[in-house]
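J.: This is the structure, below, for whatever I ask next.
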């Protein structure tokens with residue numbers, strides 16, 4: 001049976017914590033942010049945003065994935081019953097989300113940090129065109145020094161709102177944006193061999209190199225109350241994150257200043273990533289996508305690609321196939337040899353129109369201002 005390390009110093013020696021994080025995603029559970037009466041824990045939220053502000057001042061890009069909208073909204077709608085119907089959950093989410101966003105805005109305004117509310121569904125991270133749109137928006141917000149606060153768009157769910165979606169959503173966001181660190185703040189401080197609430201002698205694991213079936217079997221059940229994640233969904237999130245090159249921590253969020261505590265070496269479980277985020281993304285592009293078309297490039301563009309630059313429309317001499325924005329395409333030289341593959345920033349029809357043109361001419365040709373690159377270097381891998 002493969003087991004993670006149980007030596008208390010293992011995580012600290014192998015992981016630099018969050019002090020070295022370049023891009024950090026933090027998931028906040030409902031049970032941490034909202035009390036049993038449906039009231040936002042303002043003092044705890046202020047302590048958390050103090051931690052976030054400190055990280056941002058050091059240059060770390062931070063995104064928050066926050067639960068709590070339903071838990072807050074149901075109180076204001078008088079929905080006190082234990083089980084809610086789908087439409088009641090959606091109404092509660094609609095009511096609670098605006099209150100939640102306002103609380104984040106007020107708390108972060110103390111540090112002169114601008115907050116942006118982003119509502120996503122899992123499809124927004126999986127359907128390629130929506131994935132690209134969401135990623136571009138979030139990257140732009142980060143570039144302007146804004147803090148995105150993300151939640152699942154519960155108000156438009158077409159099926160029953162699923163258990164633990166924000167754990168998975170946080171991991172999807174981390175993978176989508178190439179984050180190097182994901183922290184799931186929870187009411188438990190990490191992974192145990194069994195639920196420590198039921199088995200006080202359960203073994204704690206500070207580090208997990210790989211999430212195997214044996215490790216998945218250690219997951220317990222979700223706690224009662226408003227929290228709906230549980231260890232099962234956290235391990236699912238761990239597989240998504242580490243597979244994308246992002247290390248993940250499960251940490252106790254009940255204490256004040258929880259991120260500072262993790263940085264200071266407080267007990268938590270680190271799930272290790274075998275590769276860097278960019279390497280993982282390049283592997284995905286190279287091996288997991290079926291090309292929907294091809295573009296042929298001239299010698300100058302070929303030389304630029306080999307030096308690590310993006311593919312600009314000016315260097316494209318031919319466009320073949322039927323592809324949409326976000327689809328995978330082959331990049332070939334004049335002899336038809338594959339030299340790279342990547343994700344197109346334009347459809348085949350638009351690529352056909354702008355081929356051979358300078359980037360500054362794109363708006364005049366298409367009638368709208370799109371990306372300067374036909375394939376950005378982050379979305380391209382040499383063959």
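Every number here is computed from the coordinates shown, using simple stated rules; none is lab data. Everything quoted here is computed from the prediction, not taken from an experiment. When we count neighbours, we look across all protein chains shown, and the Cβ atoms used for this are built from the backbone with ideal geometry, even at glycine.
J.: How many nm is it between the label spots at residue 46 and residue 363, if each spot is 7 Å from the Cα in line with the beta carbon?
T.: Taking the simple label geometry, residue 46 and residue 363 are separated by 4.5 nm.
J.: Still on this structure: What list do you get for 369, 41 if you sort them by fewest beta carbons within 10 Å?
T.: Working: 369 9, 41 17.
Final ranking by Cβ density, sparse to dense: 369, 41.
J.: Between residue 214 and residue 86, what is the spin-label point distance in nm, taking each point 7 Å from the Cα along the Cα→C-beta axis?
T.: 4.2
J.: Still on this structure, I have one more. Where does each of 290-303, 243-256, 81-94 land if you order them by average Cβ count within 10 Å, highest first?
T.: Going by the mean number of other Cβ atoms within 10 Å, highest first, we get 243-256, 290-303, 81-94.
J.: If you don't mind, another one. I'd like the antiparallel share, as a percent to the nearest 5, of DSSP beta bridges with both residues in the chain. Provide the component values of the computation, followed by the final result.
T.: On the way: 22 of 53 bridges.
Here the share of antiparallel DSSP bridges comes out near 40 percent.
J.: So, R0 is 22 Å and r is the distance between the beta-carbons of residue 20 and residue 274; what FRET efficiency does that work out to, to 0.05? Could the numbers behind the result be given before it?
T.: Numbers: r = 17 Å, r/R0 = 0.79.
After rounding, the FRET efficiency stands at 0.80.
J.: What is the helix-to-structure angle for 128-143, meaning the angle in degrees between its Cα long axis and the longest Cα principal axis of the chain, kept from 0 to 90 and rounded to the nearest 10?
T.: 70
J.: Compute the long axis of helix 230-243 from its Cα atoms, compare it with the longest principal axis of the Cα atoms of the chain, and write down the angle in degrees, 0 to 90, nearest 10.
T.: Tilt relative to the chain: about 30 degrees.
J.: Could you tell me the relative contact order of the chain? Use alpha-carbon pairs under 8 Å, at least six residues apart, and round to a whole percent. Don't skip to the answer; put the middle values down first.
T.: On the way: 806 pairs, mean separation 60.9, N = 383.
RCO, the chain: 16 percent.
J.: Only helical DSSP H runs with n ≥ 4 go in: add -39500 (n - 2.57) per run for the chain, normalise by residue count and round the 222 nm mean residue ellipticity to 500 deg cm²/dmol. Please report the intermediate quantities before stating the final value.
T.: Values: 15 runs with 147 residues, N = 383.
After summing the helix terms and dividing by residue count, I get -11000 deg cm²/dmol.
J.: Moving on. Sorted by mean Cβ packing within 10 Å, highest first, what order do the peptides 193-206, 137-150 take?
T.: On the way: 193-206: 14.6, 137-150: 16.4.
Listed from highest to lowest mean packing, they are 137-150, 193-206.
J.: So, one more: For residue 371 and residue 256 in one chain, what is 0.36 nm times their gap in residues minus the Cα-Cα distance, to one decimal in nm? Don't jump to the answer; show the numbers that get you there.
T.: On the way: separation 115, 0.36 × 115 = 41.40 nm, distance 4.28 nm.
That works out to 37.1 nm of additional length.
J.: Going by average Cβ neighbours within 10 Å, how do the peptides 333-342, 304-313 rank, with the highest at the top?
T.: The peptides rank, most packed first, as 304-313, 333-342.
J.: If I take R0 = 22 Å and measure r between the Cβ atoms of residue 112 and residue 140 in this structure, what FRET efficiency does the formula 1/(1 + (r/R0)^6) give, to the nearest 0.05?
T.: On the way: r = 20 Å, r/R0 = 0.89.
Efficiency at R0 = 22 Å is approximately 0.65.
J.: Can I ask one more? Work out how much length residue 76 to residue 290 would gain on full extension: take 0.36 nm times their residue separation and subtract the Cα-Cα distance, in nm to one decimal. Kindly include the intermediate steps, with their values, before the conclusion.
T.: Details: separation 214, 0.36 × 214 = 77.04 nm, distance 4.87 nm.
Length difference between fully extended and current span is 72.2 nm.
J.: Same structure again: 7 Å from Cα along Cα→Cβ at both residue 54 and residue 303: what's the point-to-point distance in nm?
T.: With each label point 7 Å from Cα toward Cβ, the separation is 5.1 nm.
J.: Using only Cα atoms and rounding to the nearest 10 degrees, what angle (0 to 90) does helix 165-176 make with the longest principal axis of the chain?
T.: Between helix and principal axis, roughly 30 degrees.
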